[in-house]
1. Would you mind telling me which numbered condition in (1) in contact with a strand residue (DSSP E or B) (Cβ under 6 Å, 6 or more places away or on another chain); (2) hydroxyl-bearing (Ser, Thr, Tyr); (3) part of a helix (DSSP H, G or I) Thr51 fails?
2. Out of Val131, Val77, Val81, report the one residue that is at pLDDT 95 or above, of a type in the set (A, V, I, L, M, F, W, C) and more than 24 Å from Gly207 (Cβ to Cβ).
3. May I ask you to list pairs of residues, at least six apart or on different chains, whose Cβ atoms are under 6 Å apart, with the first in the range 153-172 being free of Cβ contacts under 8 Å to residues at least 24 places away in the same chain and the second being surrounded by 14 or more Cβ atoms within 10 Å (Cβ to Cβ) and not polar (S, T, N, Q)?
4. Right, Ser161: touching a helix residue (DSSP H, G or I) at 6+ places or on another chain (Cβ under 9 Å), polar (S, T, N, Q), surrounded by fewer than 22 Cβ atoms within 10 Å (Cβ to Cβ) and at negative phi or not?
5. Do you know which residues across the range 109-128 are crowded, with 21+ Cβ neighbours inside 10 Å and either of a type in the set (Val, Ile, Thr) or assigned to a helix (DSSP H, G or I) (or both)?
6. Quick one: is Asn32 in contact with a Phe, Trp or Tyr (Cβ under 7 Å, 6 or more places away or on another chain) and either closer than 22 Å to Ala61 by Cβ or free of Cβ contacts under 8 Å to residues at least 40 places away in the same chain (or both)?
7. List, please: which pairs have Cβ atoms under 8 Å, are six or more places apart or on different chains, and start with a residue in the range 200-213 that is within 15 Å of Val81 (Cα to Cα) and end with one that is surrounded by 15 or more Cβ atoms within 10 Å (Cβ to Cβ) and small (Gly, Ala, Ser)?
8. Among the numbered conditions (1) more than 19 Å from the chain's Cα centre (by Cα); (2) modelled with pLDDT of 95 or more, tell me where Met240 comes up short.
Amino acid sequence: MSKLAVVTGGTRGIGGAISRSLHEEGYKVIANYSNNDSKAQEFHDETGIQTIKWDVSNYLACQRNIKEITEQHNMPVSILVNNAGISKDAMLHKLELENWLEVLNVNLNSCFNMCKAVISPMREQNYGRIVNISSINALAGNIGVANYSAAKAGILGLTRSLAKESASKGITVNAIAPGYIDTELLSNVSPKIMEEIINQIPVKRLGKPNEVARLVKFLISPDSGFITGETISINGGHNMS
């Protein structure tokens, strides 16, 4: 019987690539999304992957939807990929409180909400795989992204703590910190700025969503059962540690 996987922000960009990859591997995939119904419908039509709309920054919505998903499929969620995220960039002295809170809620609190919704059933079945998508900015920081960097860094602390709490129950919890990946989030970057970005990356190119998806696929596989609490960078050498 195939395992049930939930990917937040799972219909576009990195999340879309992850959902497709897991679906092709034989998992029953639920791709969460929060807006853009037409893109979600298009994704479903292309892939056959079930898409469900809810706000992952809303604790009760996460509890309700995970309950409905497990009842519909008659099995617990065994794989959780926390990928949902937004950005509201500004220098700190210009950053509005509402934009600080919104980014923290969507990028960090959503990880708590989703992990909270699935962790008890995972413990009961003595199995689970959680992968949290962080960012190069959690490790290196950058100008104008204090809110985003803080949220993505918080994910790393959550990952390590939950990994220690869950390891004896057959659950692994890991984080991935992508660098600059070729998605629509970079579509508004000017050619001049893009050239500067690529020149800072030792491999001299952007990453591909499928490269992140392949790393997720490995971290949820049986081959990765001895890896937990780790942050794995995938950034073309842009930030080495």
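The values are calculated or read from the model by the stated rules, or taken from the named source; none is laboratory data. Small disclaimer: the values here were computed from a predicted structure and weren't measured. Here the Cβ positions follow ideal geometry from the backbone for every residue, glycine too, while neighbour counts run over all protein chains shown.
1. Condition not satisfied by Thr51: (3).
2. Values: Val131 fails: more than 24 Å from Gly207 (Cβ to Cβ); Val81 fails: more than 24 Å from Gly207 (Cβ to Cβ).
It is Val77.
3. Ala153/Ala138
4. On the way: touching a helix residue (DSSP H, G or I) at 6+ places or on another chain (Cβ under 9 Å): no; polar (S, T, N, Q): yes; surrounded by fewer than 22 Cβ atoms within 10 Å (Cβ to Cβ): yes; at negative phi: yes.
No.
5. So in the range 109-128, the residues crowded, with 21+ Cβ neighbours inside 10 Å come out as 110-111, 113-115, 117-118, 122, 128.
Within the range 109-128, Ser110, Cys111, Asn113, Met114, Cys115, Ala117, Val118, Met122 qualify.
6. Numbers: in contact with a Phe, Trp or Tyr (Cβ under 7 Å, 6 or more places away or on another chain): yes; either closer than 22 Å to Ala61 by Cβ or free of Cβ contacts under 8 Å to residues at least 40 places away in the same chain (or both): yes.
Yes; evaluated as a whole, the condition is true for this residue.
7. Pro209/Gly13; Pro209/Gly16; Pro209/Ala17; Asn210/Ala17; Asn210/Ser21; Val212/Ala17; Ala213/Ala17; Ala213/Ser21
8. The one condition Met240 does not meet is (2).
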